[in-house]
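The block underneath contains the structure these notes are about, expressed in C-alpha cells.
The values are calculated or read from the model by the stated rules, or taken from the named source; none is laboratory data. Every value quoted in this text rests on a predicted model; they were computed, and no experiment measured them. Cβ coordinates were reconstructed from backbone atoms using ideal geometry, including for glycine residues, and neighbour counts include every protein chain displayed. Each accessible area value is taken on the protein alone, full model and side chains, heavy atoms only, with ligands, DNA and RNA left out. Shrake-Rupley method; radii C 1.70, N 1.55, O 1.52, S 1.80 Å.
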Amino acid sequence: MAVVFAPKAQSFTQTFLLFLMVSLSRAGLDAHYYGQTCPQAEKIILGAVYNASMHDPKVPARILRMFFHDCFIRGCDASVLLDSTSGNQAEKDGPPNISLRSFYVIDDAKTKLEMACPHTVSCADIVAIAARDAVTMTGGPYWNVLKGRKDGRVSKAAETINLPAPTFNVTQLIQSFARRGLGVNDMVALSGAHSLGFSHCSSFQARLHNFSSVHGTDPSMNDEFAENLRKKCPKPNKDRNAGEFLDSTSSTLDNEYYKRIMAGKGVLGSDQALVGDYRSRWIVEAFAKDQSLFFREFAASMMKLGNVGVIENGEVRLKCGVVN
Ligand code: HEM
C-alpha cells in the first residue's frame, strides 16, 4: 500500500509545487492588464512593428531575437534596452548583443504610447507584444500576450555570457533553458525561431574550417551545404557583414527549419545538434512533420518565455533606453 501511495503523494506535491511556481512566475500578468488604462496599446505597438517591417523586412527576426535575449538575462524586464552609461556597460554592449538591431522600433512604439497613455505601458511589455506581432506577421501563430511586466533598473554587459552559445551541445542547451524553467520541448520549439533571420559567419565559422583534428568540416553538415557556406565565409574573411540566412524561407515563420536541420542544413551548431541527440530528435521530427503542432507548441513556449523572471518591483520607464 505504502509503495502505491508514496509516488502518488510525491506527484501531488510535485504538481502543487509546479502550480505554485507557474502561478508565482505569472504573478501580476494579465491578458487585459491595459484594458482600462490603455486599451489601444496593442494596436499602437502593432502599427510600429508593421510600419518598420514594411520598410525593412529584417525587422521581425530582430525583434523576436531581442525578446529572447531580454528574457534570458534578468527575466523579461527590458534590461536589454538600456543604454550603457559612463559608469556601466549595459547588456546591449555585451558580445552576443552587438548584432541585435531595430531598437528604434520599440522606441517608436514607446513614444506613441507615451502620447496616448502616459507612464502606463512598460518597455518589457512592448517587447513581448512586438515579438508576438513579429511572429504573426511572418505567418506564424497568434497568442494572447499576458501583460503587466515592469521594467528593471539594472543591465550589465558581463551577464550576457549567460546566453546560450551557438557552439552549445544539447546537454548545455537543456541546462541553459532549464535554469529559466523551460523544458526540452520549449527549447526545441523556441529554436524554431531560427526559421527567421540571418547569422553572421562568426557564429558558425568554426564548423567550416579546421573543425577538429579529424574533420576539416563539422561532419553533421550536409556536404553541398558546407561547400556553399565555405564560399560565403572563406578563411580569412574580410567581410564582417557576410553570413547566411538561418533557413531557406527566412522571412516566413514555418516548420521548414526542422526539415532543413534533418537534412544536415542547420547553419548554427546548436541547431544541428538538436537532430543528433535522442532527447531532442523526436521533437524535431514531430515538428518537421506537422506545422500546426509546431505552431501550437511555439506559441505555448513563447508564453512561458514571457513569464521568465517577471519583476513586480520595477518601474514603467518613460524612455526605454534609460531608467527613470
Ligand atoms: C537555443 C539557443 C540559441 C542559440 C545558441 C542562438 C544563437 C543565435 C545566433 C548565434 C544567431 C546569429 C547571430 C548573428 O550572427 O548575427 C541567432 C539569430 C537569431 N536568433 Fe537565436 N539562438 C538561440 C535561441 C533563440 C530563441 C529561443 C529565439 C527566439 C525565441 C531566437 C531568435 C533568433 C532570431 C530571430 C535570429 C535571427 C536574428 C536576425 O536576423 O537578426 N534564438 N541566434
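Of note:
- At an R0 of 25 angstrom, the distance between the Cβ atoms of Lys238 and Tyr104 translates into a FRET efficiency of 0.30.
- Legend: calculated FRET efficiency, Cys117 to Ser213, from the Cβ-Cβ distance at R0 = 56 Å, rounded to 0.05, equals 0.40.
- Here's how it looks for Gly181: its modeled amide H is under 5 Å from none belonging to a residue 5 or more places away or on a different chain.
- Listed values for the range 149-161 are Karplus-derived 3J(HN,Hα) couplings in whole Hz (6.51 cos²θ - 1.76 cosθ + 1.60, θ = phi - 60°), namely 5, 10, 8, x, 10, 10, 8, 10, 4, 4, 6, 5, 4, and x replaces Gly and Pro.
- Overall, the anisotropy analysis places the range 203-251 in the oblate class: the square-rooted eigenvalues a ≥ b ≥ c of its C-alpha gyration tensor yield a/c not less than 1.5, with a/b not exceeding b/c.
- Between the alpha-carbon centres of the range 64-139 and the range 216-239 there is a gap of 33 Å.
- The accessible surface of the range 41-163, taken with every protein chain in place and a 1.4 Å probe, is 58 percent carbon and sulfur.
- Using a probe of 1.4 Å on the protein chains alone, the accessible area found for Cys117 is around 10 Å².
- Of the solvent-accessible surface of the range 170-304, computed with a 1.4 Å probe and all protein chains present, 51% belongs to carbon and sulfur.
- Cβ crowding within 10 Å averaged over residues, with 295-301, 33-39, 131-137 ranked highest first: 131-137, 295-301, 33-39
- Difference of contour (0.36 nm per residue) and Cα-Cα distance, Asp56 to Ala286: 79.5 nm
- Over 27 Å (Cα to Cα) - which of Lys58/Lys319; Lys150/Lys304; Lys232/Lys289; Lys92/Lys289 fall in this group: Lys232/Lys289; Lys92/Lys289
- Accessible area in square angstrom per residue, the range 170-304, 1.4 angstrom probe: 49 Å²
- Note that the chain carries a Kirkwood radius of 20.7 Å, evaluated over its alpha carbons pair by pair.
- A 1.4 Å probe over all protein chains sorts Lys110, Lys259, Lys265, Lys150 by accessible area into Lys259, Lys265, Lys150, Lys110, starting with the largest.
- Where labels lie 7 Å past Cα in the beta-carbon direction, separation of Lys231 and Thr85 in nm: 5.1 nm
- In this simple spin-label approximation, Ala263 and Tyr278 carry label points 7 Å from Cα along the Cα→Cβ vector, and these lie 2.8 nm apart.
- Each semi-axis of the equivalent ellipsoid for the range 41-163 is √(5λ) with λ an eigenvalue of the Cα gyration tensor; in descending order they amount to 22, 16, 13 Å.
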